[in-house]
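The structure appears below as structure tokens.
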Amino acid sequence: DLLSTLWLACQAKKAVAPAMNQAMWADAATLANMDVLRQRGVTVLGPAAGEQACGDVGLGRMLEPTELADLAEAQFQGRALDGKRVLITAGPTREAIDPVRYISNHSSGKMGYALARAACDAGASVVLVSGPVALPCPEGVERVDVSSAQEMYDAVMQRVARTDLFIGCAAVADYRPAQAVEQKIKKNAETMQIELVRNPDIISAVAGAEKRPFTVGFAAETQDVISYARGKLERKNLDAIIANDVSDAGIGFNSDQNEVVLLAAGLEQALPRMGKQQLATTLIDRLAHCMAS
Ligand code: C5P
């Protein structure tokens, strides 16, 4: 028919706006076909969820025409990170004590995952080096799973020369047990000591690499947030740092909201409390500007 022949002959960027019954949309055949379209570079707009013409409720409604018009318009505007390669670390690391125990922290990975999604939406190709978290990988992002700080370091350093923007969002354990014992440790003594040794500082290694990306760190502080973060920016030789006050339980570790200050040479920009995804979008936009200037 006219539409499919036009589609095949047309060399322009293409987008589809699917609209169908919720069971049709959920069917394996439809999902596989949508994957084929995405792999071929077609942008998929929607569908939305809600009441359907047949009376069913669910995913499959066409987006509203005005929404489609806005999204179609956006296809013609360059995005902030078009063509850029972004590498992000997220989540905690686990440092083995023996085969069943480890040292870790409460990082949920939410901020790093939100940044990965925002960078992808801004046109970048994104690799997310992730410690163990309970989050799905954002669509279009390549995830590399790691466990220890050393594994995270190796995964990052392998890719750093092919990176334009590095964001160190992971809560990397500063120390690891000097020896990971091969057999489970038995509780014989009343006390026990574990000797710890320093882990490599991943972000400092990235900032010191010969072919260095624009390097952005996080500084989670409980007091004198700005001055500690500025100190870290200089000491680790970063291009920018995102400071947050983790003494406030409503933001930071594990929460869905965050409130930060973006610091760079000659820049101190406070971003008010908002959802982590919205904050990630704002941060990616600001960082793209910092990179370009
Ligand atoms: O020194 P501190 O841990 O407070 O610095 C936080 C920043 O450094 C974060 O961006 C974190 O991802 C990064 N970091 C790192 N490797 C470490 C420790 C921290 O990349 N071993």
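The values are calculated or read from the model by the stated rules, or taken from the named source; none is laboratory data. Worth saying up front: this structure is predicted, and the values here are computed from it rather than measured. Heads up, the Cβs are rebuilt from the backbone with ideal geometry, glycines too, and the neighbour counts pull from every protein chain shown. Just the protein is used for accessible areas: all its heavy atoms, side chains included, with ligands, DNA and RNA removed. Shrake-Rupley method; radii C 1.70, N 1.55, O 1.52, S 1.80 Å.
Side notes on the structure shown:
- Test: residue in region 196-205 that is in a loop (DSSP other than H, G, I, E, B) and hydroxyl-bearing (Ser, Thr, Tyr): no
- Residue ID - most open to solvent (accessible area, probe 1.4 Å), chosen from residues in region 204-258 that are more than 13 Å from the ligand (Cβ to nearest atom) and among the β-branched types (Val, Ile, Thr): 226
- Residues of region 16-31 classified as open to solvent by 50 Å² or more (accessible area, probe 1.4 Å) and not in a loop (DSSP other than H, G, I, E, B), total: 7
- Failed item in (1) part of a helix (DSSP H, G or I); (2) buried (at least 17 other Cβ atoms within 10 Å of the Cβ), with residue 80 passing the rest: (1)
- Residue 280 falls short of the stated requirement of being in a strand (DSSP E or B), within 18 Å of the chain's Cα centre (by Cα), surrounded by 14 or more Cβ atoms within 10 Å (Cβ to Cβ) and modelled with pLDDT of 90 or more.
- Test: residue in region 141-158 that is modelled with pLDDT of 95 or more, within 14 Å of the ligand (Cβ to nearest atom), outside the structural domain of residue 38 (by TED's automatic domain parsing) and under 23 Å from residue 38 (Cβ atoms): no
- Members of region 162-199 found to be under 23 Å from residue 126 (Cβ atoms) and either within 16 Å of the ligand (Cβ to nearest atom) or free of Cβ contacts under 8 Å to residues at least 40 places away in the same chain (or both), listed by number: 163, 165, 166, 167, 168, 169, 170, 171, 172
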